[in-house]
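Scroll down for the structure; my scribbles are underneath it.
The values are calculated or read from the model by the stated rules, or taken from the named source; none is laboratory data. As the structure is a computational prediction, the values presented were derived from the model and not from experiment. Positions of Cβ are generated from backbone atoms using ideal geometry, with glycine treated the same way; all protein chains shown enter the neighbour counts. All accessible areas refer to the heavy atoms of the entire protein, side chains included, with ligands and DNA or RNA removed. Shrake-Rupley method; radii C 1.70, N 1.55, O 1.52, S 1.80 Å.
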Amino acid sequence: MLSKKTKYGLKALTYIARSEDDVPQQVNVIAKSEQIPQKFLESILLTLRKSGILGSKKGKHGGYYLRKEPSEILMTEVMRVLEGPIAMVPCVSLNYYEKCDDCIDEATCSVNKLMIQVRDNTLEVFRNTTLADLSAV
């Protein structure tokens, strides 16, 4: 299930991508427009800034802006920053692999085989979807 953090992060990124003239977007404006609790949004945007997806400008006309073109921001990057591993179980994760405690043999594990298919199909969608795709009206 998608966390609220990720859902709100995607909504905020889409809002920023749709903004005109690359003007930094203020947190309170995004929060009000997208109906996201402001304090929670501040934390999400800070995470996205630390990852390099967003930049920020301080001051009266400050706010958050995209550091790359929307067409260059893949959903794999956003999902890993906000949600963590894409795989549903650690034994099939490409970046966060861990052996499952209750698994005797991954090669014969039916859950492992199913989750590899889920991971691969999910990655296919995320790799082929950009922020530009989400923000297209």
Seminar exercise, completed: Of the residues in the stretch 55-86 that are in a loop (DSSP other than H, G, I, E, B) and touching a Lys or Arg at 6+ places or on another chain (Cβ under 8 Å), the one that is nearest to R127 (Cα to Cα) is I86
Exercise. Is it the case that the stretch 87-104 has a residue that's modelled with pLDDT of 95 or more and either in contact with a strand residue (DSSP E or B) (Cβ under 7 Å, 6 or more places away or on another chain) or not assigned by TED's automatic domain parsing to the domain that holds Y8 (or both)?
Worked result: no
For this session: Tell me which residues, restricted to the stretch 5-53, are over 19 Å from E72 (Cβ atoms) and in contact with a Gly (Cβ under 6 Å, 6 or more places away or on another chain).
Result: Q26, I44
For this session: Within the stretch 96-123, work out how many residues are of a type outside the set (F, W, Y) and closer than 28 Å to V81 by Cβ.
Result: 17
Seminar exercise, completed: Of (1) exposed (fewer than 13 other Cβ atoms within 10 Å of the Cβ); (2) closer than 20 Å to A132 by Cα; (3) of a type outside the set (A, V, I, L, M, F, W, C); (4) at pLDDT 95 or above, E20 fails just (4)
For this session: Would you check which residues across the stretch 114-137 are of a type in the set (D, E, K, R) and under 18 Å from N95 (Cβ atoms) and list them?
Result: R119, D120, E124, R127
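Just one of P37, P90 is in contact with a Cys (Cβ under 8 Å, 6 or more places away or on another chain), open to solvent by 40 Å² or more (accessible area, probe 1.4 Å) and not acidic (D, E); which is it?
P90
Just wondering, is there one or more residues in the stretch 5-13 that are in contact with a strand residue (DSSP E or B) (Cβ under 9 Å, 6 or more places away or on another chain) and either of a type in the set (D, E, K, R) or not assigned by TED's automatic domain parsing to the domain that holds T130 (or both)?
There is at least one residue in the stretch 5-13 that is in contact with a strand residue (DSSP E or B) (Cβ under 9 Å, 6 or more places away or on another chain) and either of a type in the set (D, E, K, R) or not assigned by TED's automatic domain parsing to the domain that holds T130 (or both).
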Seminar exercise, completed: Flagged in the stretch 19-54 as assigned to a helix (DSSP H, G or I) and touching a Ser or Thr at 6+ places or on another chain (Cβ under 7 Å), in numbering order, are R49
For this session: Given the conditions (1) in a loop (DSSP other than H, G, I, E, B); (2) open to solvent by 60 Å² or more (accessible area, probe 1.4 Å); (3) touching a Phe, Trp or Tyr at 6+ places or on another chain (Cβ under 8 Å), report the number of the one that K5 does not fulfil.
Result: (1)
Exercise. Which one is most open to solvent (accessible area, probe 1.4 Å) among residues in the stretch 123-137 that are at pLDDT 95 or above and either among the β-branched types (V, I, T) or farther than 29 Å from S71 by Cβ (or both)?
Worked result: V125
For this session: Could you check, for the stretch 81-100, whether at least one of its residues is free of Cβ contacts under 8 Å to residues at least 12 places away in the same chain and within 15 Å of T6 (Cα to Cα)?
Result: yes
